[in-house]
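These notes concern the structure reproduced below.
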Amino acid sequence: MNPIAIVTGATKGLGRAIAEIFAKNGFDIFVCARTAADLEKMKIDWSQHFPDSNLMVFQSDLSKKHDVFHFADFIKNQTSKIDVLVNNAGMFLRGSITDEPSGNLETLMETNLYSAYYLTRALLPTMIRREKGHIFNMCSVASQMAYPNSGAYMITKFALLGFSKSLRLELKNNGIRVTSVMPGATWTDSWAGVELPQERLMQPDDIAKTVWAAYSLSETAVMEEVILRPQLGDL
C-alpha cells in the first residue's frame, strides 16, 4: 500500500504543487476543494500524469466546521494510516484593521485557522496510534512580521504559527513531526492580474520542493520552521 498524504486546497497553486510532488514520490493523495469542477479536472489530469498515484477527491468548504468533519470522515473511512497532512487551505482578504470590512476577521479565521485546527484534531488519533506522521502548516512570512493592508489576514497567520508551535511541543514524544512553512510572495491566484516580472516572485514548485525536503529528513530530525522569500526580497 502506498503512503498517504492529505493536502487541503489542492486543486491549484501551492496545494497542487505539493500534492504533485508527493504523487511523484509514490504517495496516494486525498485532496479537497470548494469547487467540484476543479476537482474533476484534477482527477482527469492526475490519471494522465500520475497513473500510479490514487487521487481521492472531496468537495468541501473547510471554513465550515461540518465540512471539515465530513472530509475527515471521508478519509478515515478509506484508510487507517496517514503519513502526511498539509494544512494548506486558506485565503487572503486585503484591508487594514482600521478600515477593512466587518466580517473579514471571522471569515479569515474560519478559513486560515479553524480549518487546520479541526482537521488536525480529527485526524491526530490515527497518527498517534501509529506513532508516525508529519504535519505541515502553510503559514506565511506574515506569520512573523506586519505588512501593510493585511490586518485580519496577518492576525490569522500569526495564530496559525502559534497553533503549529503548540502542536510541535505536544507531539514531539509521539513520533509526529510538525513543520511551519512560511512563504513570501509566490505566483498563485492571489497575485492574478498583477503585472510583475516572473523572477520577482517564487514559483509554487519552490515551496513544494521545500516541503518534500523537510519530509525527507530522517525520523530523528525535524525542520520546525522554514521561511522562503523571493531572491529580491519582499514586494
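The values are calculated or read from the model by the stated rules, or taken from the named source; none is laboratory data. Predicted model, so just to flag it, every value in this text is computed and none were measured. Cβ sites come from the backbone with ideal geometry, for glycine too, and all protein chains shown count toward neighbours. Protein only, heavy atoms only, side chains kept; ligands, DNA and RNA dropped before computing areas. Shrake-Rupley method; radii C 1.70, N 1.55, O 1.52, S 1.80 Å.
In segment 162-205, the residue that is surrounded by the most Cβ atoms within 10 Å (Cβ to Cβ) out of those that are in contact (Cβ under 8 Å) with a residue 60 or more places away in the chain, assigned to a helix (DSSP H, G or I) and not hydroxyl-bearing (S, T, Y) is P204. Open to solvent by 70 Å² or more (accessible area, probe 1.4 Å) and farther than 26 Å from M91 by Cβ: does that describe R129? Yes. When only residues in segment 53-77 that are touching a residue at least 40 places away in the same chain (Cβ under 8 Å) and open to solvent by 90 Å² or more (accessible area, probe 1.4 Å) count, which is nearest to M91 (Cα to Cα)? If we take residues in segment 53-77 being touching a residue at least 40 places away in the same chain (Cβ under 8 Å) and open to solvent by 90 Å² or more (accessible area, probe 1.4 Å), then K64 is nearest to M91 (Cα to Cα). Has segment 187-208 got at least one residue that is over 17 Å from A17 (Cα atoms) and among the aromatic types (F, W, Y)? No, segment 187-208 contains no residue that is over 17 Å from A17 (Cα atoms) and among the aromatic types (F, W, Y). Does Q78 fit the bill of being farther than 30 Å from L217 by Cβ and either of a type in the set (D, E, K, R) or at pLDDT 95 or above (or both)? No; evaluated as a whole, the condition is false for this residue.
Of all residues in segment 85-120, those satisfying the criterion of being touching a strand residue (DSSP E or B) at 6+ places or on another chain (Cβ under 8 Å), in a helix (DSSP H, G or I) and of a type in the set (A, V, I, L, M) are A116, L119. Selection of first residues in segment 138-161 that are at positive phi and of second residues that are surrounded by fewer than 17 Cβ atoms within 10 Å (Cβ to Cβ) and hydroxyl-bearing (S, T, Y), restricted to Cβ pairs under 8 Å at least 6 apart or on distinct chains, gives the following pairs, ordered by first then second residue: N149/S96. Can you tell me how many residues in segment 149-161 are at pLDDT below 95 and open to solvent by 60 Å² or more (accessible area, probe 1.4 Å)? The total comes to 1. Evaluate segment 207-228: report whether one residue or more is over 20 Å from L123 (Cα atoms), open to solvent by less than 70 Å² (accessible area, probe 1.4 Å) and part of a strand (DSSP E or B). Checked against the condition, which is being over 20 Å from L123 (Cα atoms), open to solvent by less than 70 Å² (accessible area, probe 1.4 Å) and part of a strand (DSSP E or B), segment 207-228 yields at least one hit. Only a single item in (1) buried (at least 19 other Cβ atoms within 10 Å of the Cβ); (2) out of contact with any strand residue (DSSP E or B) (no Cβ under 7 Å at 6 or more places or on another chain); (3) small (G, A, S) is not met by S47, and it is number (1).
Under the condition of being outside any strand (DSSP E or B) and closer than 14 Å to F50 by Cα, the residues counted in segment 12-38 number 12. For segment 3-22, filtered to residues that are open to solvent by 10 Å² or more (accessible area, probe 1.4 Å) and touching a Leu at 6+ places or on another chain (Cβ under 9 Å), the residue that is nearest to D83 (Cα to Cα) is G9.
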